[in-house]
Amino acid sequence: MTPVDLIEIVGSLLILSAFAAAQTRRLSPHSARYLLLNIAGSAVLAVIALLHRSWGFLLLEASWAVISTVSLARRHGRDRRHGHEAEGTGLHP
């Protein structure tokens with residue numbers, strides 16, 4: 001197993017942990033924590049897909065990272081307007 005393989009596994013585990021937490025209602029899919037896990041995992045996997053020239057995988061992971069980032073930015077804007085700077089990491093959207 002190469003170092004890139006290990007990094008790829010970590011990226012996958014970040015996304016899978018967010019998904020599992022959302023499915024078990026331990027984390028809201030609208031929470032900052034969920035979105036950050038998705039951004040980190042999908043960004044790692046997008047870079048690896050680019051290095052391997054795996055275009056379909058790159059499209060999937062880059063899209064996932066962009067959508068999650070836009071969602072987090074929108075959430076941050078809403079939270080700032082409503083005075084909730086540090087909230088939004090748990091179950092409530």
Checklist entry - Which members of region 16-40 meet the condition of being in a helix (DSSP H, G or I), without any contact (Cβ under 8 Å) to a residue 40 or more places away in the chain and not small (G, A, S)? => result L16, F19, Q23, Y34, L36, L37, N38, I39
Checklist entry - With respect to R53, is the statement that it is among the basic types (K, R) and over 24 Å from D79 (Cβ atoms) true? => result yes
Checklist entry - Which residues, taken from region 31-84, are surrounded by 17 or more Cβ atoms within 10 Å (Cβ to Cβ) and not aliphatic (A, V, I, L, M)? => result S31, Y34, N38, G41, S42, E61, W64, S68, S71, R75
Checklist entry - Of the residues in region 1-15, how many are part of a helix (DSSP H, G or I) and free of Cβ contacts under 8 Å to residues at least 24 places away in the same chain? => result 4
Item to check | Residues of region 29-63 that turn out to be within 14 Å of V4 (Cα to Cα), of a type in the set (A, V, I, L, M, F, W, C) and out of contact with any helix residue (DSSP H, G or I) (no Cβ under 7 Å at 6 or more places or on another chain), as a count | outcome: 2
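Could you tell me whether any residue of region 59-68 is among the aromatic types (F, W, Y), part of a helix (DSSP H, G or I) and more than 15 Å from L16 (Cβ to Cβ)? Lay out the reasoning, then the answer.
Initially, region 59-68 is screened for residues among the aromatic types (F, W, Y), giving 64.
When the remaining residues are screened for being part of a helix (DSSP H, G or I), the result is 64.
Then keep just the ones that are more than 15 Å from L16 (Cβ to Cβ); that gives none.
No, every residue in region 59-68 fails to be among the aromatic types (F, W, Y), part of a helix (DSSP H, G or I) and more than 15 Å from L16 (Cβ to Cβ).
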Item to check | For A18: the one exception among (1) exposed (fewer than 14 other Cβ atoms within 10 Å of the Cβ); (2) within 10 Å of the chain's Cα centre (by Cα) | outcome: (1)
Next on the checklist: Looking at region 1-15 only, could you name the residues that are surrounded by 13 or more Cβ atoms within 10 Å (Cβ to Cβ) and of a type in the set (D, E, K, R)?
Outcome noted: E8
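Computed from the coordinates by the stated procedures, all read-outs in this text should not be read as laboratory data. Remember, predicted model here, so these are calculated numbers, not experimental data. Cβ: placed from backbone, ideal geometry, glycine included. Neighbour counts: every protein chain shown.
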